[in-house]
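Student: Just dropping this structure here.
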Amino acid sequence: NANEGILAKVTGYILLTGRMSAKKAAGPGWDPVMALRELVEVFARVVLANPVRYRVIERNEGYLGPALRVKVAAAKKKVFNDFRSVIQEGISAGAFRPVDAGSAALAIIGMCSWAAWWYHPEKRRPVEGLIQFFVDFLLTALVPDAGRKRSRLDAQGVIVTDRTGTAYLRTAR
(Lines give C-alpha, C1' and ligand atoms only; values in the text may rest on other atoms or scores of the structure.)
Protein backbone atom coordinates (compact mmCIF):
# COMPACT_ATOMS: atom_id res chain seq x y z
CA ASN A 1 0.00 0.00 0.00
CA ALA A 2 1.07 3.61 -0.54
CA ASN A 3 1.44 4.43 3.17
CA GLU A 4 3.81 1.52 3.68
CA GLY A 5 5.91 2.72 0.73
CA ILE A 6 6.19 6.18 2.25
CA LEU A 7 7.12 4.70 5.62
CA ALA A 8 9.69 2.48 3.94
CA LYS A 9 11.42 5.53 2.45
CA VAL A 10 11.29 7.45 5.70
CA THR A 11 12.56 4.43 7.61
CA GLY A 12 15.71 4.38 5.51
CA TYR A 13 16.71 7.18 7.86
CA ILE A 14 16.87 4.77 10.80
CA LEU A 15 18.88 2.32 8.73
CA LEU A 16 21.30 5.12 7.88
CA THR A 17 21.74 5.84 11.58
CA GLY A 18 22.82 2.24 12.15
CA ARG A 19 25.35 2.40 9.33
CA MET A 20 26.71 5.76 10.50
CA SER A 21 27.13 4.62 14.10
CA ALA A 22 28.98 1.50 12.97
CA LYS A 23 31.63 3.74 11.38
CA LYS A 24 32.17 5.52 14.71
CA ALA A 25 32.22 2.43 16.92
CA ALA A 26 35.39 1.06 18.43
CA GLY A 27 38.30 0.25 16.17
CA PRO A 28 41.99 -0.52 16.58
CA GLY A 29 43.75 1.92 18.90
CA TRP A 30 40.57 3.83 19.71
CA ASP A 31 40.01 6.05 22.71
CA PRO A 32 36.69 5.13 24.39
CA VAL A 33 35.96 8.73 25.40
CA MET A 34 36.44 9.98 21.83
CA ALA A 35 34.53 7.01 20.39
CA LEU A 36 31.57 7.71 22.67
CA ARG A 37 31.75 11.43 21.89
CA GLU A 38 31.60 10.66 18.17
CA LEU A 39 28.76 8.16 18.55
CA VAL A 40 26.65 10.68 20.44
CA GLU A 41 27.44 13.44 17.97
CA VAL A 42 26.47 11.26 14.99
CA PHE A 43 23.30 9.90 16.58
CA ALA A 44 22.08 13.25 17.90
CA ARG A 45 22.84 14.95 14.58
CA VAL A 46 20.83 12.33 12.67
CA VAL A 47 17.88 12.71 15.04
CA LEU A 48 18.00 16.51 15.05
CA ALA A 49 18.64 16.91 11.32
CA ASN A 50 14.98 16.15 10.69
CA PRO A 51 13.04 15.72 13.93
CA VAL A 52 9.68 15.49 12.16
CA ARG A 53 10.88 12.52 10.13
CA TYR A 54 12.22 10.88 13.26
CA ARG A 55 8.88 11.35 15.06
CA VAL A 56 6.96 9.90 12.10
CA ILE A 57 9.18 6.82 12.15
CA GLU A 58 8.80 6.34 15.90
CA ARG A 59 5.02 6.70 15.81
CA ASN A 60 4.40 4.50 12.78
CA GLU A 61 6.87 1.65 13.11
CA GLY A 62 4.04 -0.78 13.76
CA TYR A 63 2.69 -0.16 10.26
CA LEU A 64 5.81 -1.39 8.52
CA GLY A 65 5.78 -4.67 6.67
CA PRO A 66 7.46 -7.63 8.37
CA ALA A 67 10.68 -7.53 6.31
CA LEU A 68 11.24 -3.81 6.88
CA ARG A 69 10.33 -4.12 10.56
CA VAL A 70 13.11 -6.71 10.91
CA LYS A 71 15.61 -4.35 9.22
CA VAL A 72 14.62 -1.45 11.45
CA ALA A 73 14.88 -3.62 14.58
CA ALA A 74 18.35 -4.77 13.48
CA ALA A 75 19.47 -1.17 12.86
CA LYS A 76 18.22 -0.09 16.29
CA LYS A 77 19.93 -3.06 17.90
CA LYS A 78 23.15 -2.17 16.07
CA VAL A 79 23.04 1.39 17.42
CA PHE A 80 22.38 0.08 20.94
CA ASN A 81 25.18 -2.49 20.70
CA ASP A 82 27.63 0.11 19.40
CA PHE A 83 26.89 2.40 22.34
CA ARG A 84 26.96 -0.45 24.85
CA SER A 85 30.23 -1.85 23.48
CA VAL A 86 32.03 1.50 23.60
CA ILE A 87 30.78 2.13 27.13
CA GLN A 88 31.73 -1.38 28.29
CA GLU A 89 35.20 -1.09 26.75
CA GLY A 90 35.60 2.31 28.40
CA ILE A 91 34.65 0.79 31.76
CA SER A 92 37.12 -2.06 31.26
CA ALA A 93 39.86 0.42 30.34
CA GLY A 94 39.10 2.54 33.42
CA ALA A 95 38.03 5.53 31.30
CA PHE A 96 34.40 5.34 32.51
CA ARG A 97 32.81 4.73 35.87
CA PRO A 98 31.67 1.15 36.52
CA VAL A 99 27.99 1.40 35.50
CA ASP A 100 25.61 -0.92 33.69
CA ALA A 101 26.68 -0.34 30.09
CA GLY A 102 23.30 -1.36 28.66
CA SER A 103 21.40 1.07 30.88
CA ALA A 104 23.85 3.85 30.07
CA ALA A 105 23.46 3.15 26.34
CA LEU A 106 19.67 3.28 26.61
CA ALA A 107 19.83 6.52 28.61
CA ILE A 108 22.01 8.16 25.95
CA ILE A 109 19.85 6.92 23.07
CA GLY A 110 16.72 8.06 24.91
CA MET A 111 18.17 11.49 25.67
CA CYS A 112 19.07 12.08 22.02
CA SER A 113 15.86 10.56 20.63
CA TRP A 114 13.56 12.52 22.91
CA ALA A 115 15.03 15.78 21.58
CA ALA A 116 13.14 15.11 18.33
CA TRP A 117 9.95 15.77 20.30
CA TRP A 118 10.88 18.96 22.13
CA TYR A 119 13.78 20.70 20.36
CA HIS A 120 12.99 23.54 17.96
CA PRO A 121 16.02 25.21 16.37
CA GLU A 122 16.37 28.86 17.22
CA LYS A 123 19.12 31.38 16.64
CA ARG A 124 19.78 31.54 20.38
CA ARG A 125 19.64 27.75 20.76
CA PRO A 126 21.59 26.24 17.84
CA VAL A 127 21.56 22.50 17.21
CA GLU A 128 25.33 22.25 17.59
CA GLY A 129 25.08 23.72 21.08
CA LEU A 130 22.51 21.10 22.05
CA ILE A 131 24.64 18.28 20.65
CA GLN A 132 27.67 19.52 22.58
CA PHE A 133 25.54 19.80 25.71
CA PHE A 134 24.53 16.14 25.30
CA VAL A 135 28.17 15.11 24.90
CA ASP A 136 29.30 17.14 27.92
CA PHE A 137 26.38 15.91 30.02
CA LEU A 138 27.01 12.23 29.40
CA LEU A 139 30.76 12.45 29.75
CA THR A 140 30.29 14.24 33.07
CA ALA A 141 28.18 11.27 34.15
CA LEU A 142 30.55 8.57 32.88
CA VAL A 143 34.11 9.85 33.23
CA PRO A 144 35.51 9.67 36.77
CA ASP A 145 36.21 13.07 38.36
CA ALA A 146 39.99 12.73 38.05
CA GLY A 147 39.74 12.30 34.27
CA ARG A 148 37.65 15.32 33.36
CA LYS A 149 37.66 19.03 33.53
CA ARG A 150 34.33 20.55 34.48
CA SER A 151 32.56 22.96 32.16
CA ARG A 152 32.86 26.59 33.10
CA LEU A 153 30.77 29.64 32.39
CA ASP A 154 32.17 32.93 31.19
CA ALA A 155 31.44 36.19 33.01
CA GLN A 156 28.00 36.48 31.39
CA GLY A 157 27.19 32.84 32.09
CA VAL A 158 26.32 32.06 28.49
CA ILE A 159 29.36 30.41 26.92
CA VAL A 160 30.33 26.95 28.10
CA THR A 161 33.62 25.29 27.23
CA ASP A 162 33.76 21.53 27.35
CA ARG A 163 36.95 19.70 28.21
CA THR A 164 38.11 19.59 24.60
CA GLY A 165 38.00 23.37 24.48
CA THR A 166 34.98 23.47 22.19
CA ALA A 167 32.89 26.49 23.08
CA TYR A 168 29.15 26.51 22.52
CA LEU A 169 26.21 28.70 23.36
CA ARG A 170 24.25 27.93 26.49
CA THR A 171 20.80 29.38 26.81
CA ALA A 172 19.30 30.37 30.08
CA ARG A 173 15.75 29.25 30.71
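The values are calculated or read from the model by the stated rules, or taken from the named source; none is laboratory data. Everything numeric here is computed off the predicted structure, so don't read it as measured data. Side chains are part of the model used for accessible areas, which takes the heavy atoms of the whole protein and leaves out ligands, DNA and RNA. Shrake-Rupley method; radii C 1.70, N 1.55, O 1.52, S 1.80 Å.
Student: Given a 1.4 Å probe and the protein chains all in place, what does the accessible area of Ser103 round to, in Å² to the nearest 10?
Tutor: My reading of the accessible area for Ser103 is about 70 Å².
Student: Using modelled backbone amide H atoms (1.01 Å from N, in-plane), which distant-in-sequence or interchain residues come within less than 5 Å of Arg97's amide H?
Tutor: Result for Arg97 returns Val143.
Student: If you don't mind, another one. When 1/r is averaged over all different Cα pairs and the result inverted, which Kirkwood radius in Å belongs to the range 49-142?
Tutor: 15.0
Student: Another question, if that's okay. Report the far tail of the P(r) of the range 39-99, meaning the percent of Cα-Cα pairs longer than 19 Å.
Tutor: 47
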